[in-house]
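Structure first, then comments.
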Amino acid sequence: MELLHQPEDIVAQRYRIIKILGEGGSGTTYLALDTDSHQLVALKALSLHRLNDWKLMELFEREAKILAQLHHQAIPSYLGYFHTETTLEHCFYIVQAQAPGKSLAALIADGWRTTEEEVRYIATQILEILVYLHSLNPVVIHRDIKPQNIIRRDDGKVYLVDFGAVQNTYYNTFMRGSTVVGTYGYMAPEQFRGQAVPATDLYGLGATILFLLTHRSPADLPMERLKIDFRHHVQISDEFADWLEKMLEPDVEERFSSAIEALASLSGKQAIKAKVSTPVSWKTIAGVGATIATSTMAIALLNAHKWLFLGMFGIIPLSNICDNTDTLKDYYHQVHNANALVMESSPNGENERMSLLVCTIHRHNFQGTEFLITQGADVKLPDRQGNTPLHLLFLEPFDPYIPGDDYQIAKMLIARGADINLQNQKGKTPLQLAVQNSEAQIIKLLLKSGGDINQRDRSGATLLHLAISKIDQPPVYGRVNTDPQLIQQLIKGGVNINATDNQGRTPLHQAVLSYSYETTTIEQLLKQGANVNAEDKDGNTPLQFISKKYSGDLKDKKLSSDDQAIANILKKNGAKE
């Protein structure tokens, strides 16, 4: 959808748009400059003409009213509410002070690693905010606590933002509705029934903490009857794990009863009451589905949130969802998780789970790949063979007839932190695979971006060995495999032209062994200083490799014209018989 505002737009003759901060169901938030006060502000906009659900207008107005009543140092100050009207648009706006820093989601996407101590500090601060919100009369419940809605400053202080899903108990008591509000993976089970209590926010905080510890959406972790099995996926103290487990209790009656209780337990002032470990009752699970099934909006809800509900029971889509970008986007907008898993059926009948990003690359849907990267997909997440998305990009020979731009995708993956020198389970790095299967332009990009030019694979082959072994690969769609430019690029970059592999063979040995009789490559190597008389571990020189094709002395045998041409080049450059 086209954005309501672009950078440099002036809103209400006062606010100059700088950039977009985020989009959600309840509006688009922009970073703007207040030209009156010369302060940066967060400007949240909602277009009346673009609404497809009047509930959003109701939520927007409620957000403004509640923000105006909040006064807490960790909640950006409410500055105003106004609307504008033209012949084309009727828009409503909320103005808040800008929260300095980055969201926890953005920090993780940028590679931020945290410790248990830092996570505890974040949890403590959010709990203090919740103590304030839940102590108001009427009680204010945020309902959408997640990594995107917590902003962290460089000094570790955090802010809670986006009250678009907020609920107060007065409204909930006198105007009960069936609106399901929240974000999949961070929603407590009772939210699926259209209900929320103060402990609902504790579940959202627990799920956010779990994301910080695992770098995965809670929805992607093993789950049985709505209870997340996370202990094998985190490295934290038993005490903290016990606290987190109670925060994530699917049964609201087993969760901490209040933010005050959760805070006291986290600080060690109150022990966690031990309980017999029992699975969540089917009554709790059935309540989620039953409420949806009996709602007058049942069919619409199930269509709009199909994967959200199926995911609650551990059901994930098949990998063919990655074939079509529109289908992929629809799935993403339901689960709000760029690292969600899909199921791939292999030829041997085994099912394999893979991330959406890995899936789109497997299926050559590069438009979908680009979309997921921009949504913050984890570019370091490997498949079962240890292949990251960057490995997969070069796992097969370059095919000019498959739509997509390997170069641009590689740039995006590298910019997000993809490791060019990481080995998969077969010991291959993305750079080695690119040398074997891709184009010189991409290899240049990988080397420029930190690729180790002197790396070797498990056979001891250097990048130069691999570039030369490419000669014997079947030509791809008529393309000539040998690439003098690539070989020159590697030599110029500092690769050792006389380096030996595990068999003691140099790149010149490799070229002579080629079945393609590539004399151009041999001449190029010799010109750049290759040792024409280098011996492998069996004492063979490149010239002796030719003689081994024939019994007896080489000079007494009639060679094929191709072998004779190579032998002449070697002798001309000083090869000893």
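Here are a few things to note about the model shown:
- By average C-beta atoms within 10 angstrom, highest first, the peptides 447-455, 353-361: 353-361, 447-455
- Other residues with beta-carbon under 11 Å from the beta-carbon of Thr360 carry, at +1 per Lys or Arg and -1 per Asp or Glu, a net charge of -1.
- The residues packed around His142, meaning those with a beta-carbon under 13 Å from its beta-carbon, carry a net charge of -1 if Lys and Arg are +1 and Asp and Glu are -1.
- Cα gyration tensor, the range 316-452 - rounded (a/c under 1.5), prolate or oblate: prolate
- For the peptides 563-569, 491-497, 58-64, 428-434, the ranking by packing is 428-434, 58-64, 563-569, 491-497, with the highest mean count of neighbouring Cβ atoms within 10 Å listed first.
- Inverse mean reciprocal Cα-Cα distance (Kirkwood Rh) of the range 431-474, Å: 10.6
- Whether the range 57-171 is rounded, prolate or oblate, judged on the alpha carbon gyration tensor where a/c under 1.5 counts as rounded: oblate
- Here's the list of aspartates and glutamates a cross-link from Lys572 could span, going by alpha-carbon distance under 12 Å and ignoring same-chain residues fewer than 8 apart: Glu523.
- Packing-based ranking, highest mean first, of 129-137, 205-213 given that Cβ atoms within 10 Å are counted: 205-213, 129-137
Readers should treat all values here as calculations from the given coordinates under stated rules, not as data from a laboratory. Because the structure is a prediction, the values reported are computed rather than measured. Ideal geometry is used to build each Cβ from the backbone, glycine not excepted, and the neighbour counts take in all protein chains shown.
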